[in-house]
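What follows is a single structure, written as structure tokens, with notes after it.
The values are calculated or read from the model by the stated rules, or taken from the named source; none is laboratory data. These figures come from a predicted structure and were not determined experimentally. When we count neighbours, we look across all protein chains shown, and the Cβ atoms used for this are built from the backbone with ideal geometry, even at glycine.
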Amino acid sequence: MAIEEILDLEQIEVNIYRGGVFSPESGFLQRTFGGHVAGQSLVSALRTVDPKFQLHSLHGYFLRAGDARSPSVYTVERIRDGGSFCTRRVTAIQHGQTIFSMSASFQTDQSGIEHQDAMPEAPPPDDIPDFKSVSKVFDDASFRQFDEWDVRIVPPGQLGVREGKASQQQVWFRHRDPLPDDHVLHICALAYMSDLTLLGSAQVNHVEARKHLMVASLDHAMWFMRAFRADEWLLYDQSSPSACGGRSLTQGKIYNRYGEMVAAVMQEGLTRYPRDFTPGRE
């Protein structure tokens, strides 16, 4: 399914939109993929913003599991329209209940101080096998909505482990085919993909335990720094500084191949054992 189709919305009233449906054939995505609802929420917010404003941050909460076979309705609240910034609040609804809530902030083009962390070392994507060819996390049916994406997880043996990091992961990704020269589409596509692998960075040191875990995104925040294209290679440098209480905190910095940091992400996710499971008694 094309990313344009996945993110497309129908306007059904002023400030109210309805998204399309992806109906998986496998069990993995019986729940709505978090990036899907976050991406569509962002599209609905952008539909109400003057083009002179550019997205710089979003903060969302996944409140209920979504039904992947039903469309979501998005209501947009115009919180503020200022001279330099504007703010939108989006509520995603299914079956009469809120499944996701997001606030997004937009800014006009401005200048100020500039700096960034250096891009960490990583093997080039051409030296890494495609995610689908090596991963057993997604079966063919459940991964179908990501067919247009080339995703490559850096193997643990090629990962440059940094001292003091509890858990790390690096992922290269890009859209396989050229996308239109529409910066809004590229931003929404990045928001869509930013949820796919991030929580996995908390599980890389728990290989045996991960098959028992109940896993779900709880919240998601993104900051957008510099222009980029989602159809060019992006390095998603991920880490998990802490996991406890059945939750894991994860963070990621996204760089283009020129070493520019284009976005940053933080997410807390559920990584909980079932109530009847005792570690060590598999």
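Brief remarks on what is shown
- Residues that are within 16 Å of D219 (Cα to Cα) and either among the basic types (K, R) or surrounded by fewer than 14 Cβ atoms within 10 Å (Cβ to Cβ) (or both), drawn from region 246-282: G246, R247, R272
- Within region 16-41, the set of residues being at pLDDT 65 or above, of a type in the set (D, E, K, R) and under 18 Å from the mean Cα position of the chain (by Cα) is empty.
- From the list T98, T91, the lone residue that is touching a helix residue (DSSP H, G or I) at 6+ places or on another chain (Cβ under 9 Å), assigned to a strand (DSSP E or B) and modelled with pLDDT of 95 or more is T91.
- Residues of region 101-117 satisfying the condition of being assigned to a strand (DSSP E or B) and of a type in the set (A, V, I, L, M): M102, A104
- Subset tally (residues that are within 20 Å of Q116 (Cβ to Cβ), touching a residue at least 60 places away in the same chain (Cβ under 8 Å) and acidic (D, E)) for region 178-237: 1
- Just one of (1) of a type in the set (S, T, Y); (2) out of contact with any helix residue (DSSP H, G or I) (no Cβ under 8 Å at 6 or more places or on another chain); (3) not in a strand (DSSP E or B) fails for Y192. It is (2).
- Qualifying residue in region 59-72 (condition: farther than 26 Å from L270 by Cα, outside any loop (DSSP other than H, G, I, E, B) and either in contact with a Lys or Arg (Cβ under 9 Å, 6 or more places away or on another chain) or of a type in the set (A, V, I, L, M) (or both)): no
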